[in-house]
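A short write-up of the structure that comes next.
The values are calculated or read from the model by the stated rules, or taken from the named source; none is laboratory data. No experiment lies behind these values; they were computed from the predicted model shown. We place every Cβ from the backbone using ideal geometry, glycine too, and count neighbours over all the protein chains shown. Areas reflect the complete protein model, heavy atoms only, side chains present, ligands, DNA and RNA absent. Shrake-Rupley method; radii C 1.70, N 1.55, O 1.52, S 1.80 Å.
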Amino acid sequence: MDLRKLKKLIDLVEESGIAELEVTEGEEKVRIVKHASAMVPRQKRSESAVQLPPATGADDDLGDGETVKAPMVGTFYRTASPEAAPLVEIGSIVKEGDLLGVIESMKQIHEIESDCDGVVRAILVESGQAVEYGTPLFVIE
Amino acid sequence: MFGKILIANRGEVALRILRACRDLGIKTVVAHSEADRGARFLALADQAVCIGPAPASLSYLNAAAILSAAIVSDAEAIHPGYGFLAGSADFAARVDAAGLSFIGARAETLRLLNDKTRLRGAMKTAGIPCIPGPDTPLADDAKEAQRLAKKLGYPVVIKASVYRGERGMRIVHTDAALLNAITQTRAEALELCGSADVYLEKHLEYPRHIEIQMLADQHGNVLFLGERDCSLQRKGHRLIEEAPAFGIPNRLVARIGERCADACRQIGFHGVGGFRFLVEKGDFHFAGITAGLQFEHPLCEMVTGIDLVQEQIRAAAGEKLRFRQRELVFRGHAIECRINAEDPQSFLPAPGKISALHFPGGPGIRCDSALQAGEAVTAHYDPLVAKIIAFGENREHAIRRLRNALDEARIEGLRTNLALHRNLLNDANIQKGVTNLHYLEKVLAIKRDAQRKS
C-alpha cells in the first residue's frame, strides 16, 4: 500500500464521521483509528450545546406551546377544591376553555382556563405557591 | 412595630418609603406593575410582586391585587405613598377589613376629608378660618343671592360641591353677572355630581397656597411641623415649593398650627397630613386637608431634621410621638424643584429613555429619584425624573445652592424642565419672594409672548 493511498484513507476517515477504519488488501492490513480528530465532532457538539437553550425556550417562551400566565396575584392551586385530584397533569389533553387550575385571591377563587386546544406540556408552578401577575403557569402545545 | 410592609406605589416615593423601612429594620415588599418590572431600585426590596399590567387602574389602583399581594407576601401593613390609593377611604377600609394596617388616615377620616361641606363645618368648629360664605347651598332665590354676594363683596365664586378645573365653578365680578352665573353653574353641577346645589364664596384674587404639615399619633398627640409655600403652580401642577413660607410671621403660623392640631384631635386624624390654606393679605383661609405623605415632604424634613416617613410608620404602628411641640427646632430654609420629563414649550409630558444621568450633590443638596441611566420615563405614569431640594441657612442661601445644583445636574436623552427651573430661580420676583397662585402662569405667558415676537 503506497503512502499516497494511505493518505487518501486518512483523509477519508477525517472527513467522515467514522471513528475507526480497517482496510485489508491481500496480506496488507491498515487500521486507522480517529483520536485527535475527535476535535471535529467535539466542536460540533459544543456548537449544538450552545444552540440548545433557545430551542427548549427561555422563561418567556417555553417551547412551541402557548404559555398560560397568571392573570392576578394570589395563591395558585392545581385542584378545584382541597381534596380533589389535580385538574390536569403533564400530557393531559385540553380544549380551549378547560379548567387548568385556580388562583385564590382575597378569599375568591379565580379559574384559570386554557386559551387553546392542546396537550399540557409543562406545569411550572407547584400547588399552593404564591404567584404574581404574569407568572407562567402552564405550557399547552 | 411592623415586621414587613408592602409598598403600593412606584418610582421615587416607593424608594423613599423603602429607605425609611430599611432604616427602621422593616422588611419590604414592593408591589409594581408590569411596566415597572425592570426598575433597578426593586433589587433593594426584600421582595417585589407584579400586581398587574401597566395601566394604573389595573395595577397601582387595583385594590384587590394590592391586598392579595400583601397577603401572599405576609406583609402586615400597606404604605400607599402619595397619589394613587393614598386618599381612598374605600381602600383604607378594605385594608382594615383584611386585618392589615393602612399607613395613613382612618377610612372614616378620609370620608370626612372628601366631603367638603361636612369638613368645612368640622373646621369651623375647631376654629380654623374658612373662606367667607354661607355653609349651606344657595337657595333658589335671586334677591337672597344678590344680597349675600353684596355682603361678601365682589368678586365672588359660585361652586358646585364637585368641580373639575373650570367646570362647575364661576368667578363673578358684578351684580349683573351673578344670576346668569348661578344658572350656568347649577346646570354643570347637575351634570358633574347629580345635584344642582351650588355654593357661594368670597373669591380670593391673588392668594398664596400655604400648607401646614401635621404629624399625629393614635393617642391624641399632634405636632405641627411648620408651613410651606406651594404657590408656584401651572394649571394646578406645582413646580417649586419652599419652607418656610417667605414673609409670614412665625407667630401667625404657630397660632394657625395650634388650631390645626386641635382640628386633628377633633376629627381623629392619624399619621401625616397637610392643611391647605389660601393666604391673602396675611389672612389664612382653609382650603382642604391632604392626608398621607405628600410629594413635598422633604422640605419639612430639611428644616426640622425629622424623618417624616419613619414617624408616619411609627404612628401607624401605634407608637407615641417621640417629640413635643416645644422640642422642635426649625432651622434654615429649603426649596424644592420638580424635574419633569416634559416639552419645554408645550409642557406636555415627554417620555423617553435617559441616556446619561448625573445628580448634583454637596452640602445641603438632596435628590430624590428612583431612576438610573438607561431607564425610561414611561407614558403610563407621571413624568417625574427627580426632585432636587436645597437647604440653606436662609432663603437666599438656599436659592444659591439650588441654582448651583441645577447647573450640576445632567439629564440626557429626554427633554426636561431643568432649564425652566434655572430661569425661574433667576426671576427677580421669585428671588424676592413675591409670588401668588397666578404668578407662574403670568411669567410663562410673558416668556411665550417674548419668544413669539423674537
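For the structure I just gave you, tell me whether B:A177 is modelled with pLDDT of 90 or more, among the hydrophobic types (A, V, I, L, M, F, W, C) and assigned to a helix (DSSP H, G or I). Considered against the rule, which asks whether it is modelled with pLDDT of 90 or more, among the hydrophobic types (A, V, I, L, M, F, W, C) and assigned to a helix (DSSP H, G or I), B:A177 comes out as yes.
A search for C-beta distances below 6 Å between a residue of segment B:243-257 that is at negative phi and any residue that is aromatic (F, W, Y), counting only pairs 6+ apart in sequence or on different chains, returns B:I256/B:F284; B:G257/B:F224. Report yes if B:A145 is in a helix (DSSP H, G or I) and within 14 Å of chain A (Cβ to nearest Cβ), otherwise no. No, not satisfied.
Residue-by-condition table, conditions (1) under 21 Å from B:G332 (Cβ atoms); (2) hydrophobic (A, V, I, L, M, F, W, C); (3) surrounded by 14 or more Cβ atoms within 10 Å (Cβ to Cβ):
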| residue | (1), (2), (3) |
| --- | --- |
| B:V377 | no, yes, yes |
| B:V385 | no, yes, yes |
| B:H397 | yes, no, yes |
| B:R403 | yes, no, yes |
| B:R410 | no, no, no |
| B:L425 | yes, yes, yes |
| B:I430 | yes, yes, yes |
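Condition (residue is within 26 Å of B:L420 (Cα to Cα), in a loop (DSSP other than H, G, I, E, B) and either at pLDDT 90 or above or assigned by TED's automatic domain parsing to the domain that holds B:F286 (or both)) applied to segment B:192-205: is it met by at least one residue?
Yes; the residues of segment B:192-205 include at least one that is within 26 Å of B:L420 (Cα to Cα), in a loop (DSSP other than H, G, I, E, B) and either at pLDDT 90 or above or assigned by TED's automatic domain parsing to the domain that holds B:F286 (or both).
The residues listed here are B:A35, B:A98; of these, the one that is open to solvent by 10 Å² or more (accessible area, probe 1.4 Å) and touching a helix residue (DSSP H, G or I) at 6+ places or on another chain (Cβ under 9 Å) is B:A98.
Taken over segment B:276-315, residues that are closer than 20 Å to B:D217 by Cα and either among the hydrophobic types (A, V, I, L, M, F, W, C) or without any contact (Cβ under 8 Å) to a residue 40 or more places away in the chain (or both) amount to 11.
At least 2 residues that are within 24 Å of the chain's Cα centre (by Cα) in each: list the strands (runs of 3 or more DSSP E) lying fully within segment A:57-141 that qualify.
Output list reads A:66-69, A:99-105, A:118-123, A:136-140.
Among the residues of segment A:65-106, the ones that are within 14 Å of another protein chain (Cβ to nearest Cβ), of a type in the set (V, I, T) and in contact with a Phe, Trp or Tyr (Cβ under 9 Å, 6 or more places away or on another chain) come to 3 in all.
As a summary of the residue check, B:A63 satisfies the conditions (1) touching a helix residue (DSSP H, G or I) at 6+ places or on another chain (Cβ under 8 Å); (2) within 14 Å of chain A (Cβ to nearest Cβ); (3) over 18 Å from A:P71 (Cβ atoms) except for the one numbered (3).
When each of B:I51, B:I5, B:I26 is tested for being modelled with pLDDT of 95 or more, in contact with a Ser or Thr (Cβ under 7 Å, 6 or more places away or on another chain), open to solvent by less than 10 Å² (accessible area, probe 1.4 Å) and closer than 23 Å to B:H270 by Cβ, the lone residue that passes is B:I5. May I ask you to list the residues in segment B:54-66 that are touching a residue at least 24 places away in the same chain (Cβ under 8 Å) and farther than 18 Å from A:T135 by Cβ? Hits for segment B:54-66 are B:P55, B:A56, B:Y60, B:L61, B:A63. When restricted to residues that are farther than 30 Å from B:A98 by Cα, open to solvent by 10 Å² or more (accessible area, probe 1.4 Å) and not acidic (D, E), segment A:89-141 contains 12.
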